[in-house]
Amino acid sequence: VYGVLSACNSGYCVIDGEDAHRPSCEIMPKRRAEAAAAAKLFGAELFQMDLMEGLFTDSRGNRVFLDYPHRDYQGENPPPGGPPLAAAAFSGLIGNDLPDSPVRRVANVLIDRKPEIVICQCVDNLNPDHFAAALIVYKAWQLAAEQVEIGPLYLPLNHKSFYPASPDWVVDVTGYEELVEKAVCRHVSQGGEIFLPILRERWRTWGETI
């Protein structure tokens, strides 16, 4: 399963190699299609949720910080998604047990699929939405592991980038490099191929430790 928890983002995208901001509603279907294309390369199913990231860009270019609930937003095109990621991540264990809670929905996917490994969002860049997404998956993994036997949860980290946490596993991707690069390039609006030199350098650095 190739999971995407957020329905929308702050409106950031990359156009012709340059950073730009576009209305979030304009970017949403594009991001969904890109994620689906990346998932298809791995033979995976796209699991999409409707959580909101912390910022929303309306069609007039206004960037609005979303508090919850955001039903009073009076912009030209109101936010189309559900609760912000942070609201879902820090809602508490009781709320997580509700049938329709985001954590429970992710847990149900894990219970149904019984994955051999679960990989959640990397938090290296200190993006609070990335923290929230990782926490949702972590809580879901805990709930699922109480009911069925599933594989371990891995949190990606770069060496010394999230002190005091430090990586203790290195995954050898030899033979899969081309596939991974193709998947990264599918995310055109997020930069895609712009990140390939960074990815290759990380492979080289970590490969030297194996």
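The values are calculated or read from the model by the stated rules, or taken from the named source; none is laboratory data. A quick note: this is a predicted structure, and the numbers were derived from the prediction, not measured. Please note: Cβ atoms are built from the backbone with ideal geometry, for glycine as well, and neighbour counts cover all protein chains shown. All accessible areas refer to the heavy atoms of the entire protein, side chains included, with ligands and DNA or RNA removed. Shrake-Rupley method; radii C 1.70, N 1.55, O 1.52, S 1.80 Å.
Couple of notes before you dig in:
- Within segment 123-145, the set of residues being outside any helix (DSSP H, G or I) and open to solvent by 20 Å² or more (accessible area, probe 1.4 Å) comprises 124, 125, 126, 127.
- Taking every residue in segment 85-108 that is at positive phi and pairing it with any residue that is modelled with pLDDT of 80 or more and open to solvent by 90 Å² or more (accessible area, probe 1.4 Å), at least 6 positions away or on another chain, yields no pair with a Cβ-Cβ distance below 6 Å.
- Residue within segment 185-203 that is among the aromatic types (Phe, Trp, Tyr), open to solvent by less than 80 Å² (accessible area, probe 1.4 Å), modelled with pLDDT of 85 or more and assigned to a helix (DSSP H, G or I) present: yes
- Every residue from segment 98-114 that is open to solvent by 30 Å² or more (accessible area, probe 1.4 Å) and not aliphatic (A, V, I, L, M): 99, 100, 104, 105, 108, 112, 113, 114
To keep it simple, each residue is scored yes or no on (1) modelled with pLDDT under 85; (2) more than 27 Å from residue 14 (Cβ to Cβ).
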site	(1), (2)
100	yes, yes
109	no, yes
127	yes, no
148	no, yes
153	no, yes
210	yes, yes
